[in-house]
Amino acid sequence: MLNVSLPGLNMKNPVMPASGCFAFGREFNQFYDLNELGAIAIKAATKEARYGNPTPRVAETPGGMLNAIGLQNPGVDKIISDELEWLKQFETPIVANIAGSQTEDYVYTAEHLSKQSRVNALELNISCPNVKEGGIAFGTIPEVAAELTAKVKTVSEVPVYVKLSPNVSDIVAMAKAVEQAGADGLSMINTLLGMRIDLKTGKPILANKMGGLSGPAIKPVAIRMIYEVSQHVNIPIIGMGGIENADDVIEFFLAGASAVAIGTANFVDPLCCPKIIRELPKRLKEMNVNHINDLKGRSWRSCQETLSSH
Amino acid sequence: MLNVSLPGLNMKNPVMPASGCFAFGREFNQFYDLNELGAIAIKAATKEARYGNPTPRVAETPGGMLNAIGLQNPGVDKIISDELEWLKQFETPIVANIAGSQTEDYVYTAEHLSKQSRVNALELNISCPNVKEGGIAFGTIPEVAAELTAKVKTVSEVPVYVKLSPNVSDIVAMAKAVEQAGADGLSMINTLLGMRIDLKTGKPILANKMGGLSGPAIKPVAIRMIYEVSQHVNIPIIGMGGIENADDVIEFFLAGASAVAIGTANFVDPLCCPKIIRELPKRLKEMNVNHINDLKGRSWRSCQETLSSH
Amino acid sequence: MMIDKMIVIQNNQIAKDIFELKVKGALAAHVREPGQFVHIKVGGFIDAMLRRPISICDVDKQDQVMTMIYRADGNGTKRLSQYAEGEELEILGPLGNGFPIETVKAGSHAILVGGGVGVPPLYYLSKQLKEKGVQATHILGFQTENIVFYEKEFKDLGPTYVTTVDGSKGTKGFVTDVLTEHDFAYDVMYACGPVPMLKALETGYSAKPLYLSLEQRMGCAIGACLACVCKTQDPQDSRGYRKVCSDGPVFKAGEVILPC
Amino acid sequence: MMIDKMIVIQNNQIAKDIFELKVKGALAAHVREPGQFVHIKVGGFIDAMLRRPISICDVDKQDQVMTMIYRADGNGTKRLSQYAEGEELEILGPLGNGFPIETVKAGSHAILVGGGVGVPPLYYLSKQLKEKGVQATHILGFQTENIVFYEKEFKDLGPTYVTTVDGSKGTKGFVTDVLTEHDFAYDVMYACGPVPMLKALETGYSAKPLYLSLEQRMGCAIGACLACVCKTQDPQDSRGYRKVCSDGPVFKAGEVILPC
Ligand SMILES: Cc1cc2nc3c(=O)[nH]c(=O)nc-3n(C[C@H](O)[C@H](O)[C@H](O)COP(=O)(O)OP(=O)(O)OC[C@H]3O[C@@H](n4cnc5c(N)ncnc54)[C@H](O)[C@@H]3O)c2cc1C
Ligand SMILES: Cc1cc2nc3c(=O)[nH]c(=O)nc-3n(C[C@H](O)[C@H](O)[C@H](O)COP(=O)(O)OP(=O)(O)OC[C@H]3O[C@@H](n4cnc5c(N)ncnc54)[C@H](O)[C@@H]3O)c2cc1C
Ligand SMILES: Cc1cc2nc3c(=O)[nH]c(=O)nc-3n(C[C@H](O)[C@H](O)[C@H](O)COP(=O)(O)O)c2cc1C
Ligand SMILES: Cc1cc2nc3c(=O)[nH]c(=O)nc-3n(C[C@H](O)[C@H](O)[C@H](O)COP(=O)(O)O)c2cc1C
Ligand code: FES
Ligand code: FES
């Protein structure tokens, strides 16, 4: 009752850790078998290795946290040789998240990663709020996002998901633009841009000043955007933003998601993903739902349409 | 050490209840003397009376709440005859919040309200997420917001604050556009657009489906936007979004606000405004600050600049 | 109306998920009439931020003790159920306008109809009516046996009929089944419970004075935020709406359009 | 490394805002070396969401009891201070790599330098050194008298110097003043405390082996989120950075650039 099938991703359950919150899985493998997961979204890869931003890189906020890691990663080549190699021992589908400052970087990284047998889909991170140079236009201007998507699609050998930024006036326009440019799916949402100021120093707590807001605080924004976008596109959505338990997963499906990713909650409870996977069938039974797919978009589909699944 | 002076508003302290969370003050006057407040932002006025949205109109979220009141108000004439009349017994400056679906509505309401001796400033609500017809363009397209601001400025006899929506890609562009169009100040932020789905019904909890997210959850977004905007405009900012205590007020000043408004916290604790006003001098003393104005923008001003105020 | 830090003197489960909470403090002495409610702060500011509205079930003004009965269901009420004896609860109240009893004469017959967690405010109402010499008949509807509460307490005050939807206790069916069956002679009816029940009563029993206590999701509970409004049935009404928190929660049948 | 629900058996204030917490559970038996830490869940998921990293101050593996000392300062540690005896605390640990003691020979002399809430991990370190027959001298720096803790406990293990910045107790000044004044002959130095203290030690005492325990704001504390990195001093290092949570928190002086 949990298996879902999205472009490139045959998942035995709809739950994957979100990119950047799980590195490449080694640490969490000390707590549970990664084969339990529906998929894994690995940490963003860039063409070259990056050190990221100075520290402090995280701060707590009411119901959430800010991060400004800044895409630290060993570069695409090392990710292929070290991390994807290590991941070969598992069967879980891999979503490879990629980022860059220029179109060429994305294309290079996408081409190399999509050739790897271990990579089942790409996730274009066009929305990382923590990178200085360029970048912002990719996440906020529909035409720019569409062009990038199209270029990546020409080189990619696997389906391409575009990860949308919530920091935009019109999320539906962004979604439609990348859909038309050939995106196979959407991931949403990335973090909201936020800041905290330390009263002791009078300065921003994060060395990078601004950071990405994640966690339960942003869940209503994520639900709203998925609710809107899922009614306007025909490609599946991997939903994320503040998921903490099985009820949250169900709320994302009701809003219109076809799978979910879990970020911040992994820090609060390293066992949260397998726990949620185990909770889900129980909750579905209580709700008299035969398959989690039956819940997809039920919040906006008319009774007529949903009746068929009862 | 608390008095602040903004266009049209000579406030003995920088704290005002936020529009829509305080009606016209009658209810809170049962708890304390409204003269204790720095100012009062009254509920949005529209040209005609409005009933607003169907209920449920509010829902709780992690660290926040959603509302979709939908600008219910008795219309500008009744507000003038009943509410402003009643408010004459107090000396607290009044910020009259106005909303509308079309430019003409705003202009009409602004003209009438700004003539009232009891109104010290207008606050243009160009960002209410809960109104169906039109409206959205006012809050998200800089040129449209600027044009509206300019039209209202021609008729208004008091300073005009523009209340910005956080649901935009580029908040600085919005702020600069309305500044150039003649705005005397900014209010920020209004609520983030959000949604919750009721697992029992599978449908959005709010009858209006979407609502405005307020409360502590959105504070990092508010701080970030005020931090950015205050460095790019020369008009003062009334800061708001999740303020709960004196430390939060200080954080908003550090970010660049010149006064603050408190919304949701009034529901949690009807006495929160006077409590915060009483807490503030103590906190400033602990921080060795002589006047709250000295904190304004300290998070981004260089040491040089801030040293003068020590 | 005041904000009082009241001391929990009892917080026991009395039926499945149903808790009886007794608190002590000055606020209790201010309760004006049965059917008023309080707005309870159960969480910190971040988690379970909004207060929870709960009806006043009983008041002992002399000892300054107030009783509430609630169902621990969601995030906030579950937390409320964890408060232990001796702990402080921040309570705002008493709020709203309750059941009018001034006009009811001694010797007349009142019918009190409650459904689920709508039953509690009827208890203080019944006690007040008894004091006035009004005879009260109670009809209390529940889903099923294990959530029935206060049957004995109501029986001590007057004739009491219990219904359960599944028939596990009392009459099988709805409160309206008891009303139909017995066809009571009565002078005034008071009701609190789910909207379908209130609608059925409004449809069938509006000939005599009927007072309905409503629920709405609330923000402030003092009349300032306009979260809790209902439209008036009279389209010519000068305001066109009522606030459940400060105009209600009790309205005369016909005054407002019941929410759905 | 595991997640354990440990039982609070003591949580007492031992100096101004300083608490000594003792918890019991299987995790205690897994502590590998002094200087490791745990990541404690103090709040629900909404309020004080992130776990708080706290050093292990002492371990009794037989009784499965672990001691931590912390300052109740911010939102999370203040909540931690409210946990009562018998309550459960969800603790992730033991984490990271602590102070290396394998290579230190019996009879040699170690200097342990602690500042403020950097003092606690030195206690278990000193006990372990003593067991190995290593002589330990403790130099403990505090701001002022009323936050000094564990002076007696350290004295029981070896010579102990206390400094306070305001001179209200022990030597007036910093830990480095004691080091300069006494010019101890020693073989290895271990330190934990504020960065300025660590920097002063790195500058003045790198000739002999010196180990520094660092702090960084953390997300996961298991090495996955990259919140807690420091750059290596060696620009040719293959990774170029270290994670305080899983590579540290203890590093040999010279390995990483100290954060500011
Ligand atoms: C005037 C009035 C009197 C009431 N008296 C009682 C009583 O005596 N006993 C009792 O058990 N219940 C009573 N209720 C209902 C009670 O307020 C809700 O069950 C409770 O607020 C739900 O909170 P939660 O934490 O369980 O749910 P959550 O889902 O966590 O609540 C989230 C938010 O929704 C609101 N909410 C959810 N359900 C309701 C509801 N049915 N009515 C109003 N707000 C709701 C909550 O107040 C909160 O703001 C009364 C409601 C009103 C308006
Ligand atoms: C490896 C390690 C060991 C530590 N050992 C101890 C110890 O034994 N005793 C002790 O009192 N303190 C210790 N600390 C510091 C302790 O973690 C912080 O004081 C504590 O997390 C602050 O939380 P708060 O709730 O008081 O503050 P808040 O301001 O509410 O914290 C908000 C967020 O910032 C983080 N944070 C704030 N200050 C620090 C800091 N100085 N270091 C790391 N994170 C911080 C918190 O963990 C939390 O995520 C240690 C830190 C680390 C990294
Ligand atoms: C510490 C941290 C690092 C992140 N790194 C990435 C990243 O490298 N690539 C990416 O697309 N998203 C990244 N994200 C965003 C998450 O994948 C996710 O979209 C977001 O956090 C919302 O989900 P959550 O509320 O469950 O955390 C990161 C988030 C956090 C908290
Ligand atoms: C119930 C409610 C009603 C509101 N009504 C208005 C309104 O009429 N006009 C307006 O400009 N803002 C309105 N707001 C937005 C607030 O003024 C404020 O900008 C926002 O809530 C953020 O502040 P807070 O987090 O302190 O509540 C409303 C907010 C709430 C919660
Ligand atoms: S709840 Fe705010 S007006 Fe009724
Ligand atoms: S805290 Fe996550 S890597 Fe160290």
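The values are calculated or read from the model by the stated rules, or taken from the named source; none is laboratory data. Everything quoted here is computed from the prediction, not taken from an experiment. So basically every Cβ, Gly included, is an ideal-geometry build from the backbone, and we count neighbours across all protein chains shown. Accessible surface is based on the protein model in full, side chains and every heavy atom, while ligands, DNA and RNA are left aside. Shrake-Rupley method; radii C 1.70, N 1.55, O 1.52, S 1.80 Å.
List of remarks:
- Qualifying residue in the range C:108-124 (condition: aromatic (F, W, Y) and open to solvent by 20 Å² or more (accessible area, probe 1.4 Å)): yes
- Odd one out for C:L226 among (1) open to solvent by less than 40 Å² (accessible area, probe 1.4 Å); (2) within 14 Å of ligand 1 (Cβ to nearest atom): (2)
- Condition met for B:T55 (hydroxyl-bearing (S, T, Y) and more than 19 Å from B:V268 (Cα to Cα)): yes
- Checking A:L213 against (1) modelled with pLDDT of 95 or more; (2) more than 16 Å from ligand 4 (Cβ to nearest atom), the condition it does not meet: (2)
- Elements of type helices (runs of 4 or more DSSP H) contained in the range C:55-168, each with 2 or more residues being at negative phi and assigned by TED's automatic domain parsing to the domain that holds C:H30: C:75-80
- Residue match in the range A:274-281 (condition: at negative phi, within 14 Å of chain B (Cβ to nearest Cβ) and touching a residue at least 12 places away in the same chain (Cβ under 8 Å)): yes
- Residues that are more than 29 Å from D:F99 (Cα to Cα) and either modelled with pLDDT of 95 or more or open to solvent by less than 20 Å² (accessible area, probe 1.4 Å) (or both) within the range D:47-78 comprise D:A48, D:M49, listed in sequence order.
- Residue list for the range C:42-81, restricted to those being more than 14 Å from every other protein chain (Cβ to nearest Cβ), of a type in the set (G, A, S) and within 6 Å of ligand 1 (Cβ to nearest atom): C:S55
- All conditions but one from (1) away from ligand 3 (no atom under 16 Å from the Cβ); (2) open to solvent by less than 20 Å² (accessible area, probe 1.4 Å) apply to D:T176; the one that does not is (2).
- Within the range D:198-224, residues that are without any contact (Cβ under 8 Å) to a residue 12 or more places away in the chain reach partners that are assigned to a strand (DSSP E or B) and surrounded by 21 or more Cβ atoms within 10 Å (Cβ to Cβ) with beta carbons closer than 6 Å, at six or more positions or on different chains, in the pairs D:R217/A:V58.
- A count restricted to the range B:8-18 and to residues that are closer than 23 Å to B:A99 by Cβ and open to solvent by 20 Å² or more (accessible area, probe 1.4 Å) stands at 1.
- Of the numbered criteria (1) in contact with a helix residue (DSSP H, G or I) (Cβ under 8 Å, 6 or more places away or on another chain); (2) open to solvent by 10 Å² or more (accessible area, probe 1.4 Å), the one B:R50 fails is (1).
- Considering the range D:15-30, the residues that are in a strand (DSSP E or B) and open to solvent by less than 60 Å² (accessible area, probe 1.4 Å) include one that is farthest from ligand 4 (Cβ to nearest atom), namely D:K22.
- Residue in the range A:23-35 that is least open to solvent (accessible area, probe 1.4 Å), counting only those that are closer than 16 Å to D:L92 by Cβ and aromatic (F, W, Y): A:F28
- The range B:53-68, subset more than 9 Å from chain A (Cβ to nearest Cβ) and open to solvent by 10 Å² or more (accessible area, probe 1.4 Å), residue farthest from ligand 6 (Cβ to nearest atom): B:P54
- Some residue of the range D:180-189 being closer than 21 Å to D:Q36 by Cα and in contact (Cβ under 8 Å) with a residue 12 or more places away in the chain: yes
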